[in-house]
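Working notes, structure below.
The values are calculated or read from the model by the stated rules, or taken from the named source; none is laboratory data. All figures in this text were calculated on a predicted structure; none of them were measured in a lab. Positions of Cβ are backbone-derived with ideal geometry, glycine not excepted, and every protein chain shown enters the neighbour counts.
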């Protein structure tokens, strides 16, 4: 997987690379499947020092920009944490998925642009 990382860094949005670990890349029947797992919190981050990892939400699948005419799907496992001070479950708000779609906002805006719709 390490050998794909330099190439994938040019393909994925920066916020994905900062917050998710690339676990696998598969190509099946002309479709790229990129599997990502949300990174755990950094113990040195003072805002997240009271968070204890408590597993993952069910994975979601988001369609991203096509790559050389091939469909690309991001399979994303989001993490959840327990705030040890409040006892509440917390998670990062991953608002990059465009409302009403299963695509990244960037890709949805691109499609709206080429079809004449206004992007939000």
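Residues in segment 48-56: is at least one modelled with pLDDT of 75 or more, outside any strand (DSSP E or B), in contact with a strand residue (DSSP E or B) (Cβ under 6 Å, 6 or more places away or on another chain) and under 19 Å from residue 15 (Cα atoms)? No - not one qualifying residue is present in segment 48-56. Here residue 23 meets the list (1) at pLDDT below 85; (2) surrounded by fewer than 13 Cβ atoms within 10 Å (Cβ to Cβ) almost entirely, failing just condition (1).
Conditions (1) at pLDDT 75 or above; (2) touching a helix residue (DSSP H, G or I) at 6+ places or on another chain (Cβ under 9 Å); (3) surrounded by 12 or more Cβ atoms within 10 Å (Cβ to Cβ), marked per residue:
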site: 15; (1), (2), (3): no, no, no
site: 33; (1), (2), (3): yes, no, yes
site: 36; (1), (2), (3): yes, yes, yes
site: 41; (1), (2), (3): yes, yes, yes
site: 45; (1), (2), (3): no, no, no
site: 60; (1), (2), (3): yes, no, yes
site: 96; (1), (2), (3): no, yes, yes
site: 115; (1), (2), (3): no, no, no
